[in-house]
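J.: Structure provided below as structure tokens; questions to follow.
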Amino acid sequence: MKDSIKKADILIEAIPYLKAFRNKVVVIKYGGSAMDDAVSRQSLIKDIIFMSMVGIKLVIVHGGGPAISQRLKKIGAAVKFVNGKRVTDEKTIKVVDRVLSQINKSLVQEIVDLGGFARQLLAKKNNLVLTKCQDPALGFVGEPTHINARFISRILKKDIIPVISSVGRGNSDHKLYNVNADDVASAVAIALKAEKFVLFTNVDGILKNKSDEASLLSTLTVKEAQKLIENGVISEGMIPKVKACIDVLKAGVKKAHIIGAYVPHSLLLEIFTKKGIGTEITKE
């Protein structure tokens, strides 16, 4: 009985958030090694389906770096990074495109199998994500220049979850480009004027002390986040994620969240409870 009452209390606590976010857009970036963990992936998908069922407009943008590296090694191709960016030649971009298309299809199928409604959206089609070459030395690596927000919005109006991969088309040459999923997700959030931008990571959020999980920073402003980058508290792979959050906030997105993918139902806990579970970043 106590457990049932506790569950009811949690639902009551969520009412103001359910009301506030109904019909609002939430863009979720999902990727990294967390995608390979079946338990955490299913937990996240259930959270996404729940949010969609109560009227929140969810968009998922995914990467697949570990799977791409694994496939390249399997075929004997070189795996090379420069400043965290994958060097992508003509052979590599074909592998990237194939792997991300497979991941995209699998994510959509899992959502459908668990009772949700989703649609596979490959960023290279329908001028969904147009790009420009980021650096000729990196090869076919691009950065977003245009998002077809009208096309995505039409799908959201049908209460379908768009699942977007991170391969785009070149603005001028129409070739395929490998695009960082964080960059695609932030560009989509800005184009859709999203209410929230959520980045899933392998850690619980931003830690003041990397070796101490209890040092989790639950709330930060843009200025505070920038200072933590300058002081080296936020470093390495967390820097581009925090910068993506800062970019969307400066462009008008209300709030950004960095949360751990391995905590069961972390998305619901972050969005629908007062305390949250990860790091929330606000403009001021």
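J.: If a residue has to be touching a helix residue (DSSP H, G or I) at 6+ places or on another chain (Cβ under 6 Å), part of a strand (DSSP E or B) and buried (at least 24 other Cβ atoms within 10 Å of the Cβ) to count, how many in segment 169-190 make the cut? Reasoning before the result, please.
T.: Going through segment 169-190, the residues touching a helix residue (DSSP H, G or I) at 6+ places or on another chain (Cβ under 6 Å) turn out to be 176, 178, 182, 186, 189-190.
After this cut, where a residue has to be part of a strand (DSSP E or B) as well, the list is 176, 178.
Filter again for buried (at least 24 other Cβ atoms within 10 Å of the Cβ), leaving 178.
Looking only at that region, the number is 1.
J.: In addition: Note down all Cβ pairs under 8 Å where the first residue falls in segment 191-212 and is in contact (Cβ under 8 Å) with a residue 24 or more places away in the chain, the second is in a loop (DSSP other than H, G, I, E, B) and of a type in the set (S, T, Y), and they're at least six residues apart or on different chains.
T.: Final answer for the pair search is N202/Y262; G205/S218.
J.: Quick one: would you say K193 is of a type in the set (K, R) and in a helix (DSSP H, G or I)? Write out each step before concluding.
T.: Details: of a type in the set (K, R): yes; in a helix (DSSP H, G or I): no.
No, not satisfied.
J.: Condition first: within 15 Å of the chain's Cα centre (by Cα), of a type outside the set (F, W, Y) and closer than 19 Å to E213 by Cβ. Can you find one or more residues in segment 268-276 that meet it?
T.: yes
J.: Just to verify a result, which residue in segment 79-138, among those that are part of a loop (DSSP other than H, G, I, E, B) and of a type in the set (D, E, K, R), is nearest to S165 (Cα to Cα)?
T.: Result: K124.
J.: Can you tell me which residue in segment 32-54 is farthest from G260 (Cα to Cα), limited to those that are small (G, A, S) and touching a residue at least 40 places away in the same chain (Cβ under 8 Å)?
T.: It comes out as S52.
J.: Whether any residue in segment 239-260 is more than 22 Å from S43 (Cβ to Cβ) and either at pLDDT below 90 or among the polar types (S, T, N, Q) (or both) is what I want to check.
T.: yes
Yes/no per residue for (1) in contact with a strand residue (DSSP E or B) (Cβ under 8 Å, 6 or more places away or on another chain); (2) acidic (D, E); (3) farther than 28 Å from I239 by Cα; (4) surrounded by 17 or more Cβ atoms within 10 Å (Cβ to Cβ):
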{"position": "L72", "(1), (2), (3), (4)": "no, no, no, yes"}
{"position": "K91", "(1), (2), (3), (4)": "no, no, yes, no"}
{"position": "V99", "(1), (2), (3), (4)": "no, no, no, yes"}
{"position": "L128", "(1), (2), (3), (4)": "yes, no, no, yes"}
{"position": "I147", "(1), (2), (3), (4)": "yes, no, no, yes"}
{"position": "V167", "(1), (2), (3), (4)": "yes, no, no, yes"}
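J.: Turning to a different aspect of this structure: Being assigned to a helix (DSSP H, G or I) and without any contact (Cβ under 8 Å) to a residue 60 or more places away in the chain is the filter here; which residues of segment 224-244 pass it? It would help to see each step written out before you state the result.
T.: Here is the first cut: in segment 224-244, the residues assigned to a helix (DSSP H, G or I) are 224-230, 238-244.
E224, A225, Q226, K227, L228, I229, E230, M238, I239, K241, V242, K243 - these are the residues of segment 224-244 that are assigned to a helix (DSSP H, G or I) and without any contact (Cβ under 8 Å) to a residue 60 or more places away in the chain.
J.: Of N126, N83, which residue is polar (S, T, N, Q), under 23 Å from D247 (Cα atoms) and without any contact (Cβ under 8 Å) to a residue 40 or more places away in the chain?
T.: Sole residue among the options that is polar (S, T, N, Q), under 23 Å from D247 (Cα atoms) and without any contact (Cβ under 8 Å) to a residue 40 or more places away in the chain: N83.
J.: State which residue pairs qualify: first residue farther than 16 Å from A118 by Cα and free of Cβ contacts under 8 Å to residues at least 40 places away in the same chain and inside segment 90-107, second residue aliphatic (A, V, I, L, M) and part of a helix (DSSP H, G or I) in any location, beta carbons under 7 Å apart, and separation of 6 or more residues or different chains.
T.: Close Cβ pairs satisfying both conditions: V95/I68; V95/L72; V99/A67; V99/I68.
J.: Considering only segment 14-45, how many residues are modelled with pLDDT of 95 or more and surrounded by fewer than 20 Cβ atoms within 10 Å (Cβ to Cβ)?
T.: So the answer is 1.
J.: Follow-up. List the residue pairs whose Cβ atoms are under 7 Å apart, where the first residue sits in segment 254-276 and is touching a residue at least 40 places away in the same chain (Cβ under 8 Å) and under 15 Å from A20 (Cβ atoms), the second is among the polar types (S, T, N, Q) and surrounded by fewer than 17 Cβ atoms within 10 Å (Cβ to Cβ), and the two are 6 or more positions apart or on different chains.
T.: Pairs that qualify, where the first residue is touching a residue at least 40 places away in the same chain (Cβ under 8 Å) and under 15 Å from A20 (Cβ atoms) and the partner is among the polar types (S, T, N, Q) and surrounded by fewer than 17 Cβ atoms within 10 Å (Cβ to Cβ), are K255/T282; G276/S218.
The values are calculated or read from the model by the stated rules, or taken from the named source; none is laboratory data. Bear in mind that the values here come from a model prediction, so they are computed numbers and not experimental data. We place every Cβ from the backbone using ideal geometry, glycine too, and count neighbours over all the protein chains shown.
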